[in-house]
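The values are calculated or read from the model by the stated rules, or taken from the named source; none is laboratory data. Being a predicted model, the structure only gives us computed values, none of them experimental. Don't worry about glycine lacking a Cβ; one is built from the backbone with ideal geometry, like all the others, and counts go over all protein chains shown.
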């Protein structure tokens, strides 16, 4: 049962890490930042930043224009989201191991 207890403690520490990440600020899941130049008849070389997502999260839309000054803030939120996803996958693996141990000990 020592390994079982170690798995439970590992899950608890991962949950604590998740809590700390959420305390740091906004978290964006399944998002990325892209830049685009105007095309067609637009004749400027200005780059426009966009926050994009696989799901409609920004007022029912999948993309949102950003100011250049906001890009860093959103990159940090995206990094926190990726870290949360990684922790969640690791926790799920540990839960499966715990479930297997419980089934074998019955």
Inset, instruction - Give the stretch 81-106 a look and list any residue that's more than 14 Å from residue 33 (Cα to Cα) and under 16 Å from the mean Cα position of the chain (by Cα), or say none. - result: 83, 84, 85, 86, 87, 88, 89, 90, 91, 92
Legend entry - Any chance residue 52 is modelled with pLDDT of 95 or more and touching a strand residue (DSSP E or B) at 6+ places or on another chain (Cβ under 7 Å): yes
Legend entry - Sole exception among (1) at pLDDT 95 or above; (2) not in a helix (DSSP H, G or I) for residue 85, by number: (2)
